[in-house]
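A short write-up of the structure that comes next.
Just so it is clear, none of the values below were taken in a lab; they were calculated from the coordinates. Here the structure is a predicted model, which means the values were calculated and not measured. All Cβ positions, even for glycine, are placed from backbone atoms using ideal geometry, and neighbour counts span all protein chains on display.
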Amino acid sequence: MIAPARQKPVFRFAPSPNGPLHLGHALSAFLNHDMARAADGRLLLRIEDIDQSRCTPEFEAAIYRDLEWLGIDWEKPVRRQSEHFAEYSFALRLLADRGLVYPSFMTRGEVKARVAAFEADGNIWPRDPDGSPHYPPDDRERSTEERLRLLDTGMKHAWRLDMRRAIAEVPAGVSWNETGDGDRGTIVADPAIWGDVVLSRSDAPSSYHLSVVLDDALQGVTNVVRGLDLYHATSVHRLLQVLLGLPQPSYHHHRLVLGPDGKKLSKSLGDTGLAELRGEGVSAADVRRLVGL
């Protein structure tokens, strides 16, 4: 009897083309590449370009140049999130049909004012692991009639996961297998610490949370290797995977590359990009050493 062929592990590197890649991206790309090779697996490249206001073809082209310079190869074709909006919208409808999402109408300014007024009396408003305040309960507690009335006015809104209802759908809880640089083994997820996360915005059909779990499932990703800054977000991702009946990958959250100020490198803060290092005569081998490999 012939044994079935072993499925190769599938890794992915998934940058956003909203700025130049820096040393932090290089570390993640190297790790995905090296771990895929060591496991005789596959390496995919995904372009996470949902935010069309910040992502550009120029930055996408720069990603390819930087990765080729680093000696990293990947399977073709590349998956672009902007070409799969219909898939994200369909998943959102599945959750809506089960009453697990609701439209939220409050602006950031309104949320900020609400939180400030609450804390002015010495109270503490709950915050997520990134330090952002949980979304107020007003929209979650609206009646169906009131929601429909507001939607009919054309008021801008996002769609949020009703975290309490979502967690109630999985009474046994969720967890994930972690092999990274922090805690290892079976990690018990705690999605409640995020509050009612956004799954779709008025200017985009999906959020990072929703799109990343669908992309990983549709691409057959078995091993997610990414920075420790996304460690806590895995609680939300595992909850969504269970709710949508998606497979569970293994997770490896690696250390971050920090700048002189002790903070993680950032595109928005203008930290030195790989293209700039290349222009200064730095080699790919030098980059490996700079990120501690």
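Put simply, the C-alpha atoms of the stretch 1-63 give a gyration tensor, and the ellipsoid matching it has half-axes of 31, 14, 7 Å, longest first. Considering only GLY24, GLY185, GLY122, the mean-square fluctuation computed in a Gaussian network model of the chain, springs between alpha carbons under 10 angstrom, is largest for GLY122.
Start at zero, step by 5 Å, and the Cα-Cα distances of the stretch 126-261 spread as 2, 9, 17, 20, 20, 15, 9, 5, 3, 1, 0 percent across the bins.
Spacing of the modelled spin labels on ALA275 and ASP130, each 7 Å from Cα toward Cβ, amounts to 2.5 nm.
Put simply, the amide H of HIS22, placed in the peptide plane, has neighbours under 5 Å in LEU274, leaving out anything fewer than 5 places away on its chain. The share of alpha-carbon pairs in the stretch 69-118 lying farther apart than 11 Å comes to 79%.
Taking R0 as 51 Å, what's the FRET efficiency between SER143 and SER53 from their Cβ-Cβ distance, rounded to 0.05? Efficiency computed from Cβ-Cβ geometry: 0.90. Under the convention that each Lys and Arg Cβ holds +1 and each Asp and Glu Cβ holds -1, the size of the dipole of the stretch 155-226 around its Cα centre is about 260 debye. Charge dipole of the chain (Cα centre as origin; +1 on each Lys and Arg Cβ, -1 on each Asp and Glu Cβ, all else neutral): 440 debye, rounded to the nearest 20. Taking the charge dipole of the chain about its Cα centre, with +1 at Lys and Arg Cβ atoms and -1 at Asp and Glu Cβ atoms, the residue from LEU27, LEU218, GLY182 reaching farthest to the positive side is LEU218. Dipole orientation for the chain: of the candidates LEU148, PHE11, SER202, PHE11 has the Cα lying most toward the positive pole (charges on Cβ; Lys, Arg +1; Asp, Glu -1). Rounded to the nearest whole Hz, the Karplus-based 3J(HN,Hα) values (6.51 cos²θ - 1.76 cosθ + 1.60, θ = phi - 60°) of the stretch 141-146 follow the sequence 8, 5, 6, 4, 4, 5, with x at glycine and proline. Here the chain is treated as a sphere whose radius is the Kirkwood value from Cα pairs; by Stokes-Einstein at 20 °C and 1.002 mPa s it diffuses with a coefficient of 103 µm²/s.
Counting only alpha carbon atoms, the long axis of helix 208-218 and the longest principal axis of the chain meet at about 60°. Amide H contacts under 5 Å for ARG160: TYR102, SER104, LEU199, restricted to partners 5 or more places along the chain or on a different chain, H placed in the peptide plane at 1.01 Å from N. With helices as the sole contributors, the chain gives -10500 deg cm²/dmol at 222 nm; each DSSP H run of n ≥ 4 counts as -39500 (n - 2.57), and the sum is divided by every residue. Spin-label pair ARG165-SER250: with each label point 7 Å from Cα along the Cα-Cβ axis, the two points sit 3.7 nm from one another.
Here the gap between LEU290 and SER175, fully extended at 0.36 nm per residue and compared with their Cα-Cα distance, gives a gain of 38.0 nm.
Net charge dipole, the stretch 1-109: roughly 360 debye, given to the nearest 20, about the Cα centre with Cβ charges of +1 for Lys and Arg and -1 for Asp and Glu. Under a 10 Å cutoff between Cα atoms, tell me which one of SER235, SER202, SER16 has the largest fluctuation in the Gaussian network model of the chain. Per the Cα network of the chain with a 10 Å cutoff, SER202 tops the list. Three semi-axes describe the equivalent ellipsoid of the stretch 99-178; taken as square roots of 5 times the Cα gyration tensor eigenvalues and ordered largest first, they are 24, 21, 11 Å. Taking only the Cα atoms of the stretch 1-158, the radius of gyration and Dmax are 21.9, 73 Å.
GNM on the chain, alpha-carbon springs under 10 angstrom: the most fluctuating residue among ASP181, ASP121, ASP51 is ASP121.
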